[in-house]
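Each remark here refers to the structure printed beneath this line.
Just so you know, all these numbers are worked out from the coordinates, no wet-lab data involved. Keep in mind the model is a prediction, meaning the values are calculated, not measured. No Cβ is skipped: glycine too gets one built from the backbone with ideal geometry, and neighbour counts run over all protein chains shown.
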Amino acid sequence: MEELFMTDVEEGNQQQPELALVGSSCLFCIVWRGSLYIANVGDSRAVMGYLDPFNRFNIRQLVEDHNARNRNRHIKKELEKLHPKDPTTVTYNFDAWRVRGISEISSCIRNAYLKRAPFTLTSSFRVPQSELAPSDFSQPLLSAEPAISSRVLNDVDKFIIFGSGGLWKLLSNWQAAEIVHTNPRDGIAKRILMTALQIAAK
């Protein structure tokens, strides 16, 4: 997917340089023979609702957010390790740790301007350069490598919520799971969305 998108950016760069600024998280799920397989880049999230051994409702986040926020300090350290000569690889900006002060996420599909020098240098939105770092990238600042996990599904596993990063900025895992757990399944995605929109409106 990444290679196909990057080809589009390369072919359309002269006419549409803004293509280099477009990116997305990606969350991919397959249920096969009783097992769940998940691949993830970015800050989309999968949250499972299940019953514990005492038949109490509980939740489990199935994928890690790929960003450098405080709870993901190891991602911040990994980015700094990949770019040891650049102290601006991860900087605090707009109330969050961001790659070069711009991107909250550390992995994604596309966002060519944070991955390949030609798009960085020709883009109308240039990446801030560090005085100690080269003007181009010896390595991409963002990755498209997915985190892949699997688990066997059981009868106690009741549902999985898939949501993009914007949803989880408005609702906690527990809030979203409680909506699903305490309401009929029909129209449940819309109910979650409307709850998030009401919070955003406030």
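Please work out the Cα center distance from the range 140-202 to the range 1-64, rounded to the nearest Å.
12
Could I have the simple spin-label model distance between F57 and Y37, label points 7 Å from Cα toward Cβ, reported in nm to one decimal?
For the pair F57/Y37, the computed spacing is 3.2 nm.
Residue by residue through the range 26-41, what is 3J(HN,Hα) from phi via Karplus (6.51 cos²θ - 1.76 cosθ + 1.60, θ = phi - 60°)? Round to whole Hz and write x for glycine and proline.
8, 10, 10, 10, 10, 9, 9, 6, x, 10, 10, 10, 10, 10, 9, 10
Magnitude of the Cβ-charge dipole of the chain, K/R +1 and D/E -1, about the Cα centre, nearest 20 debye?
Using Cβ point charges on Lys, Arg, Asp and Glu, the chain gives about 680 debye.
Rank L193, G12, A176 by how far each Cα sits towards the positive end of the charge dipole of the chain (+1 on Lys, Arg Cβ; -1 on Asp, Glu Cβ) and give me just the farthest.
Of L193, G12, A176, it is A176.
So how strong a dipole does the range 151-202 carry about its Cα centre when Lys and Arg Cβ are +1 and Asp and Glu Cβ are -1, to the nearest 20 debye?
Roughly 200 debye for the range 151-202.
What does the C-alpha gyration tensor say about the overall shape of the range 1-99? Classify as rounded when a/c is under 1.5, otherwise prolate if a/b is larger than b/c, or oblate.
Oblate.
Rounded to the nearest 5, what % of DSSP beta bridges with both residues in the chain are antiparallel?
Beta bridges within the chain, antiparallel portion: roughly 95 percent.
Report the residue, chosen from Q61, Q139, Q14, that carries the largest GNM mean-square fluctuation when the chain is represented by alpha-carbon nodes joined by springs under 10 Å.
With Cα springs under 10 Å in the chain, the top fluctuation among Q61, Q139, Q14 is at Q14.
Quick one: Karplus J couplings for the range 77-85, per residue in order, coefficients 6.51, -1.76, 1.60, θ = phi - 60°, nearest Hz, x for Gly and Pro?
5, 5, 5, 5, 5, 5, 10, x, 8
Could you run the Karplus curve 6.51 cos²θ - 1.76 cosθ + 1.60 with θ = phi - 60° over the range 18-23 and give me ³J(HN,Hα) per residue in whole Hz, x for Gly and Pro?
Result, ordered by residue: 5, 4, 5, 9, 8, x Hz.
Can you list the residues, at least 5 places off or on another chain, whose amide H is less than 5 Å from the amide H of F159, using H built in the peptide plane?
Here G49 satisfy the definition.
What ranking do 101-110, 143-152 get when scored by the average of other Cβ atoms within 10 Å per residue, highest first?
101-110, 143-152
Can you run the Rg to Rh ratio on the range 1-51? Use alpha carbon positions and the Kirkwood inverse-distance Rh.
Using Cα coordinates only, the ratio equals 1.19.
Pop a pseudo-label 7 angstrom from the Cα along the beta-carbon direction at both D155 and A96 and give the gap in nm to one decimal.
Once both label points are built, they end up 4.2 nm from each other.
Shape call for the range 24-82 from the C-alpha gyration tensor, a ≥ b ≥ c root eigenvalues: rounded (a/c under 1.5), prolate (a/b greater than b/c) or oblate?
Judged from the Cα gyration tensor, the range 24-82 comes out oblate (a/c at least 1.5, b/c at or above a/b).
Rounded to the nearest 500 deg cm²/dmol, what is the calculated helix-only ellipticity per residue at 222 nm for the chain, with -39500 (n - 2.57) per DSSP H run of length n ≥ 4?
One gets -7500 deg cm²/dmol as the mean residue ellipticity at 222 nm.
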